[in-house]
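Peer 1: Structure in structure tokens, see below.
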Number of protein chains: 2
Amino acid sequence: MKFSVTVTLKKDVLDPQGKVVQNTLQNIGMDSLKSIRQGKYFEIEINDNEETAAKKKVDNMCKKLLANLIIEDYKINKI
Amino acid sequence: MKFSVTVTLKKDVLDPQGKVVQNTLQNIGMDSLKSIRQGKYFEIEINDNEETAAKKKVDNMCKKLLANLIIEDYKINKI
């Protein structure tokens, strides 16, 4: 069973990496860009055919390693 | 108009960063993990109310800066 996980910085947390990308895009002429924020993306494959159990395992991975819950949010989707 | 962009390594490209995450997760007891691959995630806001035009601009950003098309694929979604 396959899941995608996106980890994003919380709304009020500064995103210096995204800011650099934003400045660079504006410097190469992308004027209509309003804002850009960068996050992380994971594709996770789990050996478990029961969706609820598999999702719980992914959730556990996010809490334990993939996301820093103090400054980041995460979203899990089945793919 | 807001879009999400995910940039992932192509299937046959080695993903050392993902491999480290995979090993770490297995070391902390996540035995049912089969594989994990890491990518990048962007949330992009565009000053344009016409969806086709806005999407084209995001596509252009991916080609010019966000993705390395030799080793990476990207996907754009409206959010």
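The values are calculated or read from the model by the stated rules, or taken from the named source; none is laboratory data. Note that the coordinates shown come from a computational prediction; the quantities given were computed from them, not determined experimentally. Neighbour counts are summed over all protein chains in view; Cβ atoms, including those assigned to glycine, are modelled from backbone coordinates with ideal geometry. Accessible surface is based on the protein model in full, side chains and every heavy atom, while ligands, DNA and RNA are left aside. Shrake-Rupley method; radii C 1.70, N 1.55, O 1.52, S 1.80 Å.
Peer 1: Given the protein chains as shown and a 1.4 Å probe, how many square angstrom of A:S35 are accessible, to the nearest 10?
Peer 2: Approximately 40 Å² for this residue.
Peer 1: From the alpha carbon gyration tensor of the protein assembly as shown, can you work out the equivalent ellipsoid semi-axes (sqrt of 5 times each eigenvalue) and give them in Å, largest to smallest?
Peer 2: Values: eigenvalues 178, 52, 43 Å².
Computed over the protein assembly as shown, the values are 30, 16, 15 Å.
Peer 1: Ordering A:L9, A:L66 from largest to smallest accessible area (1.4 angstrom probe), what's the sequence? Numbers along the way, then the final one.
Peer 2: Working: A:L9 40, A:L66 5 Å².
Most to least solvent-accessible, the answer reads A:L9, A:L66.
Peer 1: So what are the ³J(HN,Hα) numbers for segment B:58-69, from phi and the Karplus equation (6.51, -1.76, 1.60; θ = phi - 60°), rounded to whole Hz, Gly and Pro as x?
Peer 2: 5, 4, 4, 4, 4, 5, 7, 9, 6, 10, 9, 5
Peer 1: Along Cα→Cβ, 7 Å out, is where each label goes; now give me the distance between the ones at B:K34 and A:N68 in nm to one decimal.
Peer 2: Reported label-point gap for B:K34 and A:N68 is 3.2 nm.
Peer 1: Determine Rg/Rh for chain A; Rg is computed over alpha-carbon atoms and Rh is the Kirkwood hydrodynamic estimate from the same atoms. Spell out each step's value before the answer.
Peer 2: On the way: Rg = 15.9 Å, Rh = 14.2 Å.
The Rg/Rh ratio comes out at 1.12.
Peer 1: Just tell me which aspartates and glutamates come within less than 12 Å, Cα to Cα, of A:K40; anything on the same chain fewer than 8 places away is out.
Peer 2: A:E72, A:D73, B:E43
Peer 1: Using a 1.4 angstrom probe with every protein chain in place, what is the largest-first accessible-area order of A:V20, B:V5, A:V13?
Peer 2: Working: A:V20 90, B:V5 0, A:V13 35 Å².
Result of the area sort, largest leading: A:V20, A:V13, B:V5.
Peer 1: Just how far, in whole angstrom, is segment A:1-39 from segment B:1-50 if you go by their alpha carbon centroids?
Peer 2: 15 Å
Peer 1: Here's a follow-up. What's the extension gain from B:K56 to B:I79 if we count 0.36 nm per residue and subtract their Cα-Cα distance? Each step should come with its number before you reach the end.
Peer 2: Details: separation 23, 0.36 × 23 = 8.28 nm, distance 1.52 nm.
Difference between extended and current length: 6.8 nm.
Peer 1: Taking a label point 7 Å out from Cα toward Cβ, give me the nm distances from A:T52 to the same spot in the other copies, shortest first, one decimal.
Peer 2: Result, one decimal in nm: 4.6.
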